[in-house]
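For reference, the structure is listed below as structure tokens.
The values are calculated or read from the model by the stated rules, or taken from the named source; none is laboratory data. Please read these numbers as outputs of a predicted model, since none were measured by experiment. Positions of Cβ are generated from backbone atoms using ideal geometry, with glycine treated the same way; all protein chains shown enter the neighbour counts. Only protein heavy atoms, including side chains, enter the accessible area calculation; ligands, DNA and RNA are left aside. Shrake-Rupley method; radii C 1.70, N 1.55, O 1.52, S 1.80 Å.
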Amino acid sequence: TKKGGLALDKLAFDLEDAKNFDQWLRVFDRVDKGEMPPPNKPQPAAHHRAAHLDYLRTRLLAFSHQKQAAEGRTVLRRLNRVEYENTLHDLLGIDVRLQESLPEDTPLHGFDTVADGLRLSQLHIEKYLEAADLALNQAIRLDEKPDVKNQHFVYKEQQGIVKNAESEKGAILLLDEAAVLFTGADYITKINGVNFRESGLYKFRASGYAYQSEKPVGLLLFSGSYKAGSRRILGNFDMPAKSADAKAREVEWTARVEAGEFVYPSPEGIEAGADGKNVNAVGAKNYSGSGLALQWVDIEGPVLESWPPPSVKRIFGETPVVELDKKKQRYANGRKIAYQLAPENPQAAIRPLVERFATRAYRRPLEAGEVDGFIQLAQEKLKDNASFEDALRVAFRGILVSPSFLLFEEKTGPLGAYALASRLSYFLWSSMPDEELLNLAAQGQLNKPAVLRAQVERMLNNPKNSLAHNFAGQWLELRNLDATTPDRNLYPEFDDLLKLSMLSETEAFFNEMLRDNLSITNFVNSDWTILNRRLAQHYGIAGVQGEQFRRVVLPADSPRGGVLTQGAVLKVTANGTVTSPVLRGTWVMKHIMGTPPAPPPPDVGSIEPDTRGATTVREQLDKHRTVPSCNSCHRMIDPPGFALESFDVIGGWRERYRSQGKGDRPTYKFQGRNIYEYKLGPPVDASGQLADGRPFADVHEFKKLLMQQQDQIARALAGHLLTYATGAGVQFSDRATVEEIVKKVRPQNLGLRAMVHEVVQSKAFLSK
């Protein structure tokens, strides 16, 4: 800016030039925060600077409000991938994966709901057409009823199990009533004899117990395919030890399986015997470690409510559906068509069905003649001897790629009733408004504060509430949980169940706070968290058993509490090999404090991870900070990162770094055996000093310092919620709105639920 010649006194004359406005705003913002002196001028006296900035602030606010009044805060935006899939699920009454087939959305300001990042290209239209066909194929099921099977598998009789048990160094032991699993390799434990030809929900039942163990052993059931990254946990249960007076545990659950997948059980939490030897070294018959004794597995499905499925009636209403004579049945899309739609007057039936479908798809009443083009297409298709179903598919397909379906229709100024219904629904549910919301919009009641508050309460209490998954998933970067894979040599204890438990903890923590209107300061420091047995074991917290998540009061000296020290957050702020105070410090500044650091200079060097244990990351950063241009930012970024250095790549507590070179052999064991994968390197130093000079010795003291900035934490979260909800980043003129939200929730103990209410009641939410 110094070279660019931007002078603040010139701003008084150039504010009306909209092309320069954003540039002026960025300059002023930095000057206002004291990050730089006014360009082209020496630093003025304090009284002169304050007066000058007050004048400029008034001018900028006036122009910003003018600009918003003319254009609105939010530009035209489309449904993102998640919203598109959820909307089709609710519109058609289906459950099919669609977002994977769509181009990835571009997040801005941290969220994929921001309009500026949701462009619309030719590729998008092509993919939307493909997704619409896939959804309609799933919804309009007029083929013969799928064969629902109920299969019982005695596990010790499985082909792969028997073959492995017969080998000398096999990992399976056969008992009279069960097969004991000492391995979870899918090529061994895969259940043979079941074919998942239909995607859908399936019921599973299993019976088993812990073998050669006084502690429970986990039973995991995975689904997978031969495609990389397809492995998913379908079920997770702790199976207790069987004794003279205790039977094996029988478990039952329902999970979705995709067509073409296979399933396989796997033991979890098993430990080596006293000799510490691996089962592959001695064979299952000579192995003294723990295992999972699995007796049988039942698989029933796909689960069907009725046939044809309810989605047919959802789309075609009371149109008669008749079963075809066996001789007239034909094949289409690889399926045998056994039913057909049979209206009395097909031509006359097209208009009401298309208008009904479009009204629900557009999430508002139709304008006169708005869908006549789609009706004409269907009627012409019918004249060309197409079936009634195929004729309507043409119209439905067109509606599902039309602007009124794909885009949010919002006019500048206060939102109309139906636009408000959609904004509220996509904020809280990431999907289309339901009948109650649309009825209130039709009655002109929805924009009344009391009605709006009641609807927010109803929607937050509904299982469709998606704030934890979609808002918190992006705010806390939980969606990046799979972005890196921890090094197996440095972190052999990391597994799929631990990863799933990490994500479940943070989402459940958010939901607990939302449900009970707990103070948002709990995100920084709390005396409780949400744990199951696997995660409690990882955190070193005793007394938690079972696969169910529950609220647990933390020990007084526990470093846990708040999202900063939760495994999911600690994993997404590490690179899989080593931790980085820069990554974690930036994360805290951006997501918790709402003060993201400036981007690094283009020529700045990077810090290469050292897994040999020769140097610590603090030592490397000390050298990095000797560069003046780097130090100005790192003095703010590094301290929060240093405070979290006591947590490793997967969120485990550590006092020393792990090393693959220099160091000492660990004295503790992993799964009952000695650790050979890594060594213990230099000690961890989690002390630091904030940019304002306040020191801290560890994460406990650091969190206490953050708790002294509750209003700033509240401003940051209010800004994130406002951005996610409205589809536009917090702008200069929104600062007053954010302050008003914080002011209103402060007397309510800064409650999270209260903050959601105040965001919805704000002018920014209620206007384009």
Problem set entry | All strands (runs of 3 or more DSSP E) inside region 216-272 with 1 or more residues being at pLDDT 95 or above and of a type in the set (D, E, K, R) | 232-239, 249-257, 262-268
Exercise. Mind checking which residues of region 658-692 are small (G, A, S) and under 30 Å from V588 (Cα atoms)?
Worked result: S659, G681, A686, S687, G688, A691
For this session: Only residues that are open to solvent by 30 Å² or more (accessible area, probe 1.4 Å), among the acidic types (D, E) and within 17 Å of L134 (Cβ to Cβ): list them for region 382-397, please.
Result: D390
For this session: Being open to solvent by 60 Å² or more (accessible area, probe 1.4 Å) and in a strand (DSSP E or B) is the filter; apply it to region 680-724 and report the residue that is farthest from D112 (Cα to Cα).
Result: P683
For this session: Count, please, the residues in region 73-99 that happen to be touching a helix residue (DSSP H, G or I) at 6+ places or on another chain (Cβ under 8 Å) and part of a loop (DSSP other than H, G, I, E, B).
Result: 12
Problem set entry | Checking D186 against (1) among the acidic types (D, E); (2) out of contact with any helix residue (DSSP H, G or I) (no Cβ under 9 Å at 6 or more places or on another chain); (3) at pLDDT 95 or above, the condition it does not meet | (3)
For this session: Scan region 303-341 for residues that are at pLDDT below 90 and either among the polar types (S, T, N, Q) or under 23 Å from I399 (Cβ atoms) (or both) and report the count.
Result: 3
For this session: Out of the residues in region 194-237 that are more than 15 Å from Q295 (Cα to Cα) and among the charged types (D, E, K, R), state the one that is least open to solvent (accessible area, probe 1.4 Å).
Result: E198
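Collect the residues in region 343-370 that are free of Cβ contacts under 8 Å to residues at least 40 places away in the same chain and under 13 Å from E389 (Cα atoms), keeping them in residue-number order.
We begin by selecting, within region 343-370, every residue free of Cβ contacts under 8 Å to residues at least 40 places away in the same chain; these are 344-345, 347-349, 351-353, 355-356, 359, 366-370.
If the condition is that a residue be free of Cβ contacts under 8 Å to residues at least 40 places away in the same chain and under 13 Å from E389 (Cα atoms), then Q347, A349, L353 are the ones that fit.
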Exercise. Out of all the residues in region 531-544, is one or more under 30 Å from D90 (Cβ atoms) and modelled with pLDDT of 95 or more?
Worked result: no
For this session: Can you tell me which residue within region 318-337, out of those that are closer than 18 Å to L136 by Cβ and in a loop (DSSP other than H, G, I, E, B), is least open to solvent (accessible area, probe 1.4 Å)?
Result: T319
Seminar exercise, completed: All-but-one check, S425 against (1) surrounded by 20 or more Cβ atoms within 10 Å (Cβ to Cβ); (2) among the polar types (S, T, N, Q); (3) at pLDDT below 95, failing number (3)
Exercise. Checking P414 against (1) open to solvent by 50 Å² or more (accessible area, probe 1.4 Å); (2) in contact (Cβ under 8 Å) with a residue 60 or more places away in the chain; (3) closer than 25 Å to G317 by Cβ, which single condition isn't satisfied?
Worked result: (3)
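Just to verify a result, which residue in region 238-274, among those that are acidic (D, E) and closer than 25 Å to F494 by Cβ, is surrounded by the fewest Cβ atoms within 10 Å (Cβ to Cβ)? First the steps, then the outcome.
To start, the set of residues in region 238-274 that are acidic (D, E) comprises 238, 245, 250, 252, 258, 261, 268, 271.
Narrowing the set further to residues that are closer than 25 Å to F494 by Cβ leaves 238, 261, 268, 271.
Numbers: D238: 21, E261: 20, E268: 23, E271: 17.
It comes out as E271.
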Problem set entry | Residues of region 729-763 satisfying the condition of being hydrophobic (A, V, I, L, M, F, W, C) and farther than 20 Å from A472 by Cβ | F732, A736
Seminar exercise, completed: Only unsatisfied item for A754, checking (1) open to solvent by 10 Å² or more (accessible area, probe 1.4 Å); (2) assigned to a helix (DSSP H, G or I), is (1)
Problem set entry | Unmet criterion (only one of (1) within 19 Å of Q671 (Cα to Cα); (2) out of contact with any strand residue (DSSP E or B) (no Cβ under 6 Å at 6 or more places or on another chain); (3) β-branched (V, I, T)) for V180 | (2)
Problem set entry | In region 562-587, the residues that are farther than 18 Å from L498 by Cα and not hydroxyl-bearing (S, T, Y) | G562, V578, P581, V582, L583, R584, G585, W587
For this session: Assess whether H65 counts as being open to solvent by 20 Å² or more (accessible area, probe 1.4 Å), modelled with pLDDT of 95 or more, over 17 Å from the mean Cα position of the chain (by Cα) and not charged (D, E, K, R).
Result: no
Problem set entry | Single condition N465 does not satisfy, out of (1) open to solvent by 50 Å² or more (accessible area, probe 1.4 Å); (2) of a type outside the set (A, V, I, L, M, F, W, C); (3) without any contact (Cβ under 8 Å) to a residue 60 or more places away in the chain | (1)
Exercise. Taking the stated definitions as given, is V759 closer than 23 Å to Y418 by Cβ and open to solvent by less than 10 Å² (accessible area, probe 1.4 Å)?
Worked result: yes
Exercise. Among all residue pairs at least 6 apart or on different chains, which show Cβ distances below 7 Å where the first residue, located in region 672-685, is over 28 Å from A272 (Cβ atoms) and the second is basic (K, R) and outside any strand (DSSP E or B)?
Worked result: V684/R654; D685/R618
Problem set entry | helices (runs of 4 or more DSSP H) (entirely within region 418-516) containing at least 2 residues that are of a type outside the set (G, A, S) and more than 18 Å from N86 (Cβ to Cβ) | 435-442, 449-461, 496-516
Problem set entry | Some residue of region 501-508 being in contact (Cβ under 8 Å) with a residue 60 or more places away in the chain and open to solvent by 40 Å² or more (accessible area, probe 1.4 Å) | yes
For this session: Answer with yes or no whether T113 is farther than 30 Å from Q671 by Cβ, open to solvent by 50 Å² or more (accessible area, probe 1.4 Å) and among the β-branched types (V, I, T).
Result: no
Exercise. Within the set of pairs 6+ apart or on separate chains, which have a first residue in region 530-541 that is within 11 Å of G567 (Cα to Cα), a second that is open to solvent by 20 Å² or more (accessible area, probe 1.4 Å) and of a type in the set (D, E), and C-beta atoms under 8 Å apart?
Worked result: H538/E493
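Residues that are among the charged types (D, E, K, R): list the strands (runs of 3 or more DSSP E) wholly contained in region 100-198 that include at least 3 such residues. Spell out the reasoning first.
Details: elements: 149-154, 172-174, 179-181.
Of the strands (runs of 3 or more DSSP E) lying wholly inside region 100-198, none has at least 3 residues that are among the charged types (D, E, K, R).
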Exercise. Does region 607-619 include one or more residues that are modelled with pLDDT of 95 or more, among the small types (G, A, S) and on the phi < 0 side of the Ramachandran plot?
Worked result: no
Exercise. What number of residues in region 364-389 are closer than 26 Å to P320 by Cβ, among the hydrophobic types (A, V, I, L, M, F, W, C) and in a loop (DSSP other than H, G, I, E, B)?
Worked result: 3
